[in-house]
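A short write-up of the structure that comes next.
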Amino acid sequence: MGLKVGIARDERFLEHKTGHFHPEHPNRLTSIYRMIDQEFSGRVIDFKPEPASLEHIERVHTPGHIRQMLKTAELRLTSLAPDTPVSATSYLAAWLAVGACLKGVDCLIGRECDAFFALVRPPGHHALPDRAGGFCLFNNIAIAALYAIEKYKLERILVIDWDIHHGNGIHDFFYEDRRVLYLSTHDLMLYPYSGEIDQTGKGTGEGYTINIPLDRSFSDDDAIYLYQEILTPLIRNYKPQLIMIAAGFDAHADDPIGRSRLTEKTYAGITALLVRLRNTYGPFPLLFSLEGGYDQRSLTQSVKAVLAELINEHETESNASTPSQDAIALVKSVQATHARYGVLK
Ligand SMILES: [Zn+2]
């Protein structure tokens with residue numbers, strides 16, 4: 001039996017205009033929404049998100065940043081950071097993107113569904129408390145994680161960030177907080193150039209941040225092997241009450257920004273692994289939120305692969321048959337870095 005899957009989608013996300021030549025373009029979502037209608041009609045529960053309330057956004061972002069966001073409503077096209085243009089209705093899309101993730105938390109904790117995919121833009125994982133950046137306006141996942149902690153008294157949330165860029169916003173926000181374990185695989189040579197392997201958290205959060213810089217040559221087998229070796233002990237030991245996935249698909253070989261060579265097989269493989277671990281270690285809910293992914297076709301195919309694994313529960317064999325020596329060495333290095341914390345034993 002597959003999982004009961006909810007999605008959040010809304011035409012208002014398309015009103016966040018970034019200009020003709022910007023990679024984070026409304027067509028990314030148009031293409032995904034069309035695929036959902038063609039492939040998953042009647043097989044996912046469609047939720048219409050509401051804008052988040054200000055009090056939840058204020059828990060992560062400063063009044064100055066929120067005010068700056070609101071001021072963009074007066075302008076036709078402006079920029080909040082050199083790479084982050086916004087239009088007059090972008091603030092509404094940003095508010096709604098957070099709201100979609102909060103809706104996901106409510107649906108999952110209320111057991112209306114087992115997995116939830118917030119198909120939103122703008123993305124969020126680079127947004128810092130006091131500023132936008134990297135195409136991100138509000139930090140959708142950080143706000144939703146804090147919301148789940150405060151509203152539902154959750155104590156252990158695992159955030160998996162498989163976008164090829166390091167999610168510095170989520171990373172920094174929970175760096176000293178063990179209630180959120182942040183795991184990221186990323187390319188250190190890309191924006192925001194952070195996420196070294198020895199950054200493992202601080203204070204009571206020490207050991208609760210896992211940064212895994214990937215090699216650009218990694219294959220699907222390598223990536224699936226790595227996730228399998230890391231996530232299996234991690235989920236067994238940390239016992240997450242909720243798993244959130246910062247689901248960017250720009251590590252795909254066809255992506256114009258990422259420099260990696262993965263395919264949708266990686267995303268299907270990791271999703272299948274999560275479903276298997278869910279069956280073994282308890283029915284933790286899964287909240288996916290769309291981050292990057294800038295090639296329309298591969299982005300859409302990748303989202304499709306994730307949803308198909310969740311709904312059909314293919315039990316895709318995610319045991320990677322032939323990981324490279326580099327992938328084996330990287331797993332060993334992550335295990336050695338985290339050996340003293342015990343969470344990967
Ligand atoms: Zn990205």
Checklist entry - In region 109-132, is there at least one residue being touching a helix residue (DSSP H, G or I) at 6+ places or on another chain (Cβ under 8 Å) and either in a helix (DSSP H, G or I) or free of Cβ contacts under 8 Å to residues at least 12 places away in the same chain (or both)? => result yes
Checklist entry - So which residues in region 147-184 are away from the ligand (no atom under 16 Å from the Cβ), touching a residue at least 60 places away in the same chain (Cβ under 8 Å) and either under 12 Å from the mean Cα position of the chain (by Cα) or open to solvent by 10 Å² or more (accessible area, probe 1.4 Å) (or both)? => result Tyr147, Glu150, Leu154, Glu155, Arg156, Leu158, Phe173
Item to check | Residues of region 102-131 satisfying the condition of being touching a Phe, Trp or Tyr at 6+ places or on another chain (Cβ under 8 Å), of a type in the set (Gly, Ala, Ser) and away from the ligand (no atom under 15 Å from the Cβ) | outcome: Gly104, Ala115, Ala118
Next on the checklist: If a residue must be crowded, with 16+ Cβ neighbours inside 10 Å and either at pLDDT below 95 or not in a helix (DSSP H, G or I) (or both), how many such residues does region 16-32 contain?
Outcome noted: 7
Checklist entry - Quick check, is Ala97 of a type in the set (Gly, Ala, Ser), touching a helix residue (DSSP H, G or I) at 6+ places or on another chain (Cβ under 9 Å) and under 23 Å from Gly293 (Cα atoms)? => result yes
Item to check | Meets criteria (at pLDDT 95 or above and more than 16 Å from the ligand (Cβ to nearest atom)) for Leu190 | outcome: no
Next on the checklist: Give all pairs with beta carbons closer than 6 Å in which a residue from region 271-295 that is more than 16 Å from Ile230 (Cβ to Cβ) meets a residue that is within 16 Å of the ligand (Cβ to nearest atom) and assigned to a helix (DSSP H, G or I); count only pairs at least 6 apart in sequence or on separate chains.
Outcome noted: Ser289/Asn140; Ser289/Ile141; Gly293/Leu299
Checklist outcome for this item: Subset of region 133-145, residues open to solvent by 10 Å² or more (accessible area, probe 1.4 Å) and away from the ligand (no atom under 15 Å from the Cβ), comes to none
Checklist outcome for this item: Per the filter on region 248-267, residues surrounded by fewer than 24 Cβ atoms within 10 Å (Cβ to Cβ) and under 20 Å from Leu287 (Cα atoms) are Glu264, Lys265
Item to check | Candidates Tyr294, Tyr208, filtered to the one that is within 14 Å of the ligand (Cβ to nearest atom) and within 25 Å of Val98 (Cβ to Cβ) | outcome: Tyr294
Item to check | Residue within region 238-247 that is at pLDDT 95 or above, more than 13 Å from the ligand (Cβ to nearest atom), open to solvent by 30 Å² or more (accessible area, probe 1.4 Å) and over 23 Å from Ile170 (Cα atoms) present | outcome: no
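For every residue, the table says whether it meets (1) at negative phi; (2) among the acidic types (Asp, Glu); (3) over 19 Å from the mean Cα position of the chain (by Cα).
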site	(1), (2), (3)
Glu24	yes, yes, no
Glu39	yes, yes, yes
Asp83	yes, yes, yes
Ala94	yes, no, no
Asp106	yes, yes, no
Gly110	yes, no, yes
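Does Lys202 qualify as being closer than 26 Å to Lys103 by Cβ, of a type in the set (D, E, K, R) and away from the ligand (no atom under 15 Å from the Cβ)?
Values: closer than 26 Å to Lys103 by Cβ: no; of a type in the set (D, E, K, R): yes; away from the ligand (no atom under 15 Å from the Cβ): yes.
Judged against the criteria, Lys202 is not a match.
Residue-by-condition table, conditions (1) in contact with a strand residue (DSSP E or B) (Cβ under 7 Å, 6 or more places away or on another chain); (2) among the charged types (D, E, K, R):
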| position | (1), (2) |
| --- | --- |
| Asp37 | no, yes |
| Val44 | yes, no |
| Pro49 | yes, no |
| Ser53 | no, no |
| Leu70 | no, no |
| Trp95 | no, no |
Checklist entry - Just wondering, is there one or more residues in region 324-345 that are modelled with pLDDT under 95, assigned to a helix (DSSP H, G or I) and open to solvent by 60 Å² or more (accessible area, probe 1.4 Å)? => result no
Checklist entry - What is the one condition in (1) over 21 Å from Glu291 (Cβ atoms); (2) open to solvent by less than 20 Å² (accessible area, probe 1.4 Å); (3) not acidic (Asp, Glu) that Met35 does not satisfy? => result (1)
Next on the checklist: For region 199-219, which positions are touching a residue at least 60 places away in the same chain (Cβ under 8 Å) and over 27 Å from Lys239 (Cβ atoms)?
Outcome noted: Asp215, Ser217, Phe218, Ser219
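The values are calculated or read from the model by the stated rules, or taken from the named source; none is laboratory data. Please read all numbers here as calculations on a predicted model, not as lab measurements. As a convention, Cβ positions derive from the backbone with ideal geometry for all residues, glycine included, and neighbour counts pool all protein chains shown. Keep in mind that these areas ignore ligands, DNA and RNA; they rest on the heavy atoms of the full protein, side chains included. Shrake-Rupley method; radii C 1.70, N 1.55, O 1.52, S 1.80 Å.
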